[in-house]
Amino acid sequence: MSDRDCRLYLITPPVLPDGFAVLLAEALDAGDVGAVQLRLTEADDDAVRRTADLLRPVAHARNVALILNNRPDLAVETGCDGAHVGARDMQPADARKLLGPDLQLGVSCYDSRDAALRAGEAGADYVAFGGFFPSQTKQIRSFADIELLAWWSELMELPTVASGGITAENCAPLVRAGANFLGMVGAVWRHPDGPAAGVRAMNAAIVAA
């Protein structure tokens, strides 16, 4: 991942449909995507391993990072590019120890400046803020203010991912506030014309912002 202009950060559905590797390839071929987070909330370790092995070559063939949600140990084992952890699930410093110095570490910081600062001190490569809008994918515990994103982007160099209910219609304020990445599920995977159309629509919205 890089800190260039705002890019897409795709998060997989919690349960993958049949043929998802093909859908992922089509989505990644449709426009700029910086990273894919594999987020299988109900899968056991073996299923996560199999899925990572299936999706990793799809992402890597397109120079896209594959980030594993909440399991730094399996990220190392399966050759992923890093892991993303929730601030309430694992301490960032513990995740960094598991990943070593070279793999990417992302940390969900929700609406907390303090959590983001602590994540940065612990060695995070990016921090995630959100949710910014109501989401059909997961229950939002607390909403983040766009001003938080603008404050961080102005003062800190550590890249940010904005997430939570982001669509082509509502993303412009987040882009203008300095988000480096837009994390999304529904706007791409549930797009009525398919994931590739969702990627094209989101990239067009970023340019228009």
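Here are a few things to note about the model shown:
- Long-range neighbours under 6 Å by Cβ, at least six apart or interchain, first residue at negative phi within segment 58-81, second assigned to a loop (DSSP other than H, G, I, E, B): 64/33; 65/1; 65/81; 66/80; 66/81; 68/80; 69/39
- Candidates 75, 95: the one that is outside any strand (DSSP E or B), farther than 19 Å from residue 161 by Cα and under 17 Å from the mean Cα position of the chain (by Cα) is 75.
- Note on segment 91-123: residues that are crowded, with 18+ Cβ neighbours inside 10 Å and either over 18 Å from residue 74 (Cα atoms) or touching a residue at least 40 places away in the same chain (Cβ under 8 Å) (or both) amount to 10.
- Screening residue 31 against (1) touching a residue at least 40 places away in the same chain (Cβ under 8 Å); (2) within 12 Å of the chain's Cα centre (by Cα) leaves a single unmet condition, (2).
- For segment 120-127, the condition of being among the hydrophobic types (A, V, I, L, M, F, W, C), farther than 24 Å from residue 85 by Cβ and touching a strand residue (DSSP E or B) at 6+ places or on another chain (Cβ under 6 Å) holds for none of the residues.
- Any hit, segment 52-73, residues being more than 15 Å from residue 184 (Cα to Cα), in contact with a helix residue (DSSP H, G or I) (Cβ under 6 Å, 6 or more places away or on another chain), at pLDDT 95 or above and loosely packed, with under 14 Cβ neighbours inside 10 Å: yes
- Residue match in segment 22-30 (condition: crowded, with 23+ Cβ neighbours inside 10 Å, out of contact with any His (no Cβ under 8 Å at 6 or more places or on another chain), closer than 21 Å to residue 200 by Cα and not basic (Lys, Arg)): yes
- Assessment of segment 24-32 against the conditions (in contact with a Lys or Arg (Cβ under 9 Å, 6 or more places away or on another chain) and closer than 30 Å to residue 114 by Cβ) yields no matching residue.
- Among the conditions (1) surrounded by fewer than 19 Cβ atoms within 10 Å (Cβ to Cβ); (2) in contact with a Lys or Arg (Cβ under 6 Å, 6 or more places away or on another chain), the only one that residue 158 does not satisfy is (2).
- Per the listing 199, 175, the residue uniquely of a type in the set (Val, Ile, Thr), in a helix (DSSP H, G or I), touching a residue at least 60 places away in the same chain (Cβ under 8 Å) and in contact with a strand residue (DSSP E or B) (Cβ under 7 Å, 6 or more places away or on another chain) is 199.
The values are calculated or read from the model by the stated rules, or taken from the named source; none is laboratory data. Keep in mind that what you see is a predicted model, and the values were worked out from it rather than measured. Cβ atoms come from the backbone with ideal geometry, glycine included; neighbour counts cover every protein chain shown.
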